[in-house]
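Below: the structure, in structure tokens.
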Amino acid sequence: MVDMDPGFGLHKGLQECPAIVSFALAIIALVFGSPARATEVYAKREDVACETCHDNPAGGGPRNLVGLYYDATGVLRPDRAQDDVVDEMGNVVQQWLQKVAATPPGIVWRYTPLDELETAPAPSYSPVSDTALLRRISLDLRSDLPDPADVQALIAGRTSIDSLVDAYLDSKDFYWTMRLYHRDIVRPRTGIFNQSASLTRISRIDGPDGKKVWRSNGLMGEEDRGFCDAAQQVSVFPYWDRSSAVPVCARTASTHRHPASDPSIDCATTEGQQSGYCGCGPHLVWCYRSDDYDRVKKSMRQEGGRIADYILRNDRSYTELVTADWTMWNGRLEHFYARLDGNLGELTDANVERSWRRVERGPEHSGVLSTHMYLNYFYNGRRWAQRTFESFLCHETVPDFELLDEIDLEHPISYRTHPEAMADVNVNSGRACAACHLQLDGLSRVKDRWDNFGQYYETGYGGVPVPQSAIFLGEEVDGLAAFGDALGASEVFADCAANQLWEHLTGHRFRPEETRLRRELVAGFIASDHNFRELVRTMVKTEVYRDVGNLKTMERELYQRSLDSLLSVEWDVGSRDGFDRYYDKVGGMDYRRIESRDRTASPAYAMVQYKAAAEMCSGAMEASQTPLLAGVDPTESPDDARLDGVIGDWFLRTYVRPWDRVTEADRRLFREVFRKVEAREGARQGYMAMCTVMLASEDFALY
Amino acid sequence: MTAFDRRRLLQSLALSALGAGLPACERSSYDSQHLEDTPSFTQQRAPHYFVFYFLMGGWDITTLSEPRRKAAKMSPSYAPSDIFEHGGHLLGPSMKPLVRHMDQMAVLRGLRATALNHPQARFQLVTGTFKEPRQAPAASIQTRLADLIGRDYPIPNLSADGLRPATFLGDYDPHLEPFRIGEMWSLRGLSRPRGPMIEQEDILFDALRKRDAAFAEAHAKHALAADFAKSAELARQVAESDYRWRASEFVEPRFTETRNLERNSRWGRQVHLVVEAIRNDISPIITAGSGEFDAHNSNDYGYHRKAITRAMEAVAAICDGLAEHRTADGASLLDRTTVVVASEFSRQPWINELGGKHHWDANTALFLGKGVNGTKGGLTMVGECDEQLFPQPLNPATGKPDRGADDVTNAHFLASVLAMAGIDPGLHFEQPPIQALIA
């Protein structure tokens, strides 16, 4: 159920708005059950047609000027058709809109505090064996099967699960897994992105000597004037490859920020580059190649995961994900963001190969929330709000008419498409729209000073400071940084982070029978100063995690890595890796999608698993270099003992199951598979068949 | 195995693999001799086939069923001379590719979308309901149809809608899970592994069945284990039935290319998938389409009309392909198929501040083929929007805005689809079908 207590951030009332509007809204909610239908309350009250106030003659939805004036004053002017009255109404409406826009809205969403969550009796749990647990932990934390040496050490008692967990939590595979995990949380989709990677395109052309030379597209005709001749070419170490010099036409290679012929021109700006007087600058930084765009996007998609990576590696508070005044850039982002920020002139040592590093930003920043990446991929306030709700408050925005009716709004929440645009109320004025926008537009207020290229505006429309306050959990927050701080400090954030991690480890979000555990885990997480690695350590020790029934299906990345560890062969289907081609059937992710990973079992999943097993096993046994065949000659028929040795080794590697836990039925089954196929086609195919059965079985896919 | 023994199956697979490398001119396509070799030519199993073609992102219906001239708050993307007349109705330029099939077509106008955000509108379009938070969407119309008419098929519910899924299982059993595949070559590749293990499948499948049964028994309390085992068994049935043959024995695409629609494009490959999947009786319910129609800014809107026209050309090519093939009773495959074309909502009639068009709740849907109340020599048009493109109420029983008229919603639309299959929609949707659409 929804907690409608004002302590949870509902905005109740304005200083000044006709009570009749609130009353009428309440009437609408009570009398008319249909969620999205317009009503004729006002039309009947004022004895006019709906289209007097609404764009839609049937009523409802956006209001025209007369309707907005009615919203603002409660008065339907009888003289409304007169030109001077129209002007007057316009002025009143504009002032009213500014007042509306300046009124902090409530950030509204459905949230039940932890201590009010539904509970159910916890079932009894049966622990899985240590070796099965090791397989599970390794796949969850490292996205790979455990190292055979670790398995042997565990079986021999030379190590323990807890020791291995500690080692895993500080491994490169863990950080790789967590970067992928955080990429899923932020889920950067393809943005509306019409900015080039720098200011002017640079292309390779055929020089007069027949060899390729680089020339700025802003200096067309340079080659005709001899500046691309061999004697004129300049060797430059470009930002995209600082280790190799490339030949560049003379004028293109110019690094002058201000041309001597016109010092007012700044070559590090779009206008300067369009002047026809400018070269490409130091290391050609003011110019971009045609393939830079996709590479920039690829780097942008990693930024959120890299922020999380830094936090985890350094055991910093996980809240910095939404509060930090720093971010992580590689050389490519440094270059591209300088372009967006208008700082290309200051970038004299650009190098896209530069590794990821921490970059300090200003006090208005707030972790992932204010990164160029996040603002661009979720390119308007509503998309930004939707993603923020999902990623950090675990709230999925859906049309919620009940919530709409429970809130006493005196006017729709205003929304601004850009810091320099006027605020508007009309999009939210229809019920069908307001059912979502009540949630989205309240939250997006804190972002109103940011545009979708990561630029911050102190002042906006009308030359006044852009209002950016909202009410979050009963407290006013002014802007993105304040919202981030309040969010990070809240139980909501800690609970959401725990819930997402729980889903990663168990395949489901917290259930009612896990409520007590959930409260403990969240309390512990907060008490540890939001130490995420500690939370992971705690969760994998729980009875629920270690229960024999904690089953999940393997996903694309787990297949790719584990099969690579076992077989060391590529799986190509056409021109692509097979798990990339069939990604959607095996829980993979295309980040252009809105939906998250689909982890459900399906016939298509089973077909991909079987096809991969059959083809990769065939390729691996042909190649004979596969780890599974270490010490085995696949052309020789093994005796029974040798065959059992291979079966035992394979069980250990694929299922992490020692020989004494391999059932007699399985031993017979695999012997039979091998011998039958060997009798038909020889020992090598016998190994292929065993491998196929092993990797296409349900107990390989589920862990 | 069916009548096709293993030897013939493997020969066919080898031939088809060889055939894939031959130039098109060396292979007959859609010719009668080849078709008589196809078991599906005489043995179509389903009484009714459905094709759902969705243009996801929101389409500008003024280019289709609601043409307008330029006016205040009305910004069509074409000249008045591009509007044409057919069957007494004025139509937008993107409808031109469908003229040759308008005899068998009905258009529903004035549909009101009750959600204007993409995902919820998409769910609404195909399920009739919103999706609840943290829940899977309800079963879509395709899954309901697959349950009612497709259970004999290993793959009853085929879908080429990867990026913007519009087919959902809901709480139906895994057998009806939408099988997402974008083209016939992928289906062929997925339905059989390359390499020598295909020859050993009797041994492999026997072993896998035993192992999976043991695992499911050991985890009898766990739904995932049971679902997984069932899914794996269905996958094996695909392999062991004549499905592999059906998925492999397809002809190269041969529809007439246009400037917009090339055979080797993803839209062209979808056309091929739809026609061949029905011709080879692979699945009775097929979903296709694409998701590039959102057009809020000038860049996207500049491309929008071309994208819609290409989609209509694809639909026309699907209808052409189905109409070309005749079964033993003389009927064409189009006579056995209903094609449904829709988008989740439309676009505002005027240009916005970004040079594009935002979302709009007036919508339209097109229906062609079996069960559709066509008009010989004309076009069946039901419902309408007013001059400002606001949807108008309609009486579902009469098809007119008379007494009993109400908003036309997705529930009416989906109920009409079921009614076209002769299925009582009352068990599935709260609203009645629009009778005027139904033959």
> Which condition number does B:GLU183 fail, the rest of (1) at the interface with another protein chain (Cβ under 9 Å from one of its Cβ atoms); (2) within 15 Å of the chain's Cα centre (by Cα); (3) not aliphatic (A, V, I, L, M) being met?
Replying inline: (1)
>> Can you pull out every residue in region A:334-385 that is over 20 Å from A:ASP485 (Cβ atoms) and of a type in the set (S, T, N, Q)?
In response: A:ASN343, A:THR348, A:ASN351, A:SER355, A:ASN376, A:ASN380
>> Restricting to region B:140-166, count the residues that are more than 12 Å from chain A (Cβ to nearest Cβ), closer than 29 Å to A:ASP400 by Cβ and touching a helix residue (DSSP H, G or I) at 6+ places or on another chain (Cβ under 6 Å).
In response: 3
> Which residues, counting only those in region B:318-348, are part of a helix (DSSP H, G or I) and within 13 Å of the chain's Cα centre (by Cα)?
Replying inline: B:ILE318, B:CYS319
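One line per residue, one yes/no per condition, for (1) away from chain A (no Cβ under 14 Å); (2) over 15 Å from B:LEU414 (Cα atoms):
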| residue | (1), (2) |
| --- | --- |
| B:ALA72 | no, yes |
| B:ILE83 | yes, yes |
| B:ALA106 | yes, no |
| B:PHE123 | no, no |
| B:THR129 | no, no |
| B:GLN135 | no, yes |
| B:ALA138 | no, no |
| B:PHE168 | no, no |
>> Show the residue pairs meeting these rules: Cβ distance below 6 Å; 6+ apart or different chains; first residue within region B:180-201 and farther than 13 Å from A:GLU615 by Cβ; second residue crowded, with 20+ Cβ neighbours inside 10 Å and among the polar types (S, T, N, Q).
In response: B:ARG180/B:SER159; B:ARG188/B:SER248
>> Restricting to region B:259-286, name every residue that is touching a residue at least 60 places away in the same chain (Cβ under 8 Å) and surrounded by fewer than 21 Cβ atoms within 10 Å (Cβ to Cβ).
In response: B:ARG266, B:ARG269
> Do you know which residues across region B:217-262 are in a helix (DSSP H, G or I), within 7 Å of chain A (Cβ to nearest Cβ) and farther than 24 Å from B:LEU158 by Cβ?
Replying inline: B:LEU224, B:ALA225
>> Please pick out the residue among A:ARG416, A:ARG383, A:ARG387, A:ARG431 that is basic (Lys, Arg) and free of Cβ contacts under 8 Å to residues at least 12 places away in the same chain.
In response: A:ARG383
> Does A:ASP564 satisfy being within 20 Å of A:THR654 (Cα to Cα) and free of Cβ contacts under 8 Å to residues at least 12 places away in the same chain?
Replying inline: yes
> Does region A:520-532 contain any residue that is within 14 Å of chain B (Cβ to nearest Cβ) and either surrounded by fewer than 21 Cβ atoms within 10 Å (Cβ to Cβ) or under 23 Å from the mean Cα position of the chain (by Cα) (or both)?
Replying inline: no
>> Residues that are farther than 15 Å from A:ILE137 by Cβ and away from chain B (no Cβ under 14 Å): does region A:536-551 have at least one?
In response: no
> Do we find that A:ALA423 is touching a strand residue (DSSP E or B) at 6+ places or on another chain (Cβ under 9 Å), within 14 Å of another protein chain (Cβ to nearest Cβ), surrounded by fewer than 24 Cβ atoms within 10 Å (Cβ to Cβ) and among the hydrophobic types (A, V, I, L, M, F, W, C) in this structure?
Replying inline: yes
>> With more than 13 Å from every other protein chain (Cβ to nearest Cβ) and either surrounded by 15 or more Cβ atoms within 10 Å (Cβ to Cβ) or among the polar types (S, T, N, Q) (or both) as the only criterion, which of A:GLY587, A:GLY631, A:GLY648 stands out?
In response: A:GLY648
> How many of the residues making up region B:167-193 are among the polar types (S, T, N, Q) and either surrounded by fewer than 24 Cβ atoms within 10 Å (Cβ to Cβ) or under 15 Å from B:LEU234 (Cβ atoms) (or both)?
Replying inline: 2
> Which one of the conditions (1) of a type in the set (A, V, I, L, M); (2) within 28 Å of A:ASP166 (Cβ to Cβ); (3) not in a loop (DSSP other than H, G, I, E, B) does A:VAL608 fail to meet, given that it meets all the rest?
Replying inline: (2)
> Can you tell me which residue in region A:576-599 is modelled with the lowest pLDDT, limited to those that are more than 17 Å from the chain's Cα centre (by Cα) and in a loop (DSSP other than H, G, I, E, B)?
Replying inline: A:ARG599
> Only one of these conditions is not met by B:ASP202: (1) surrounded by fewer than 21 Cβ atoms within 10 Å (Cβ to Cβ); (2) at the interface with chain A (Cβ under 8 Å from one of its Cβ atoms); (3) over 30 Å from the mean Cα position of the chain (by Cα); (4) assigned to a helix (DSSP H, G or I). Which number is it?
Replying inline: (2)
>> Can you pull out every residue in region A:598-616 that is surrounded by 24 or more Cβ atoms within 10 Å (Cβ to Cβ) and farther than 19 Å from B:ASP212 by Cα?
In response: A:MET616
>> What's the total number of residues in region B:240-258 that are surrounded by 21 or more Cβ atoms within 10 Å (Cβ to Cβ) and either without any contact (Cβ under 8 Å) to a residue 12 or more places away in the chain or of a type in the set (A, V, I, L, M) (or both)?
In response: 2
> Going by the conditions given, is A:ALA481 in contact with a helix residue (DSSP H, G or I) (Cβ under 9 Å, 6 or more places away or on another chain), in a helix (DSSP H, G or I) and either in contact (Cβ under 8 Å) with a residue 40 or more places away in the chain or polar (S, T, N, Q) (or both)?
Replying inline: yes
>> Looking at A:LEU438 and the list (1) within 14 Å of chain B (Cβ to nearest Cβ); (2) more than 26 Å from A:GLU40 (Cβ to Cβ), which single condition is not satisfied?
In response: (2)
>> Taking the condition of being surrounded by fewer than 23 Cβ atoms within 10 Å (Cβ to Cβ) and not in a loop (DSSP other than H, G, I, E, B), how many residues in region A:405-420 meet it?
In response: 2
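The values are calculated or read from the model by the stated rules, or taken from the named source; none is laboratory data. Since the model is a prediction, treat every value here as computed from it, not as a measurement. Here Cβ is always computed from backbone atoms with ideal geometry, including for glycine, and neighbour counts include all displayed protein chains.
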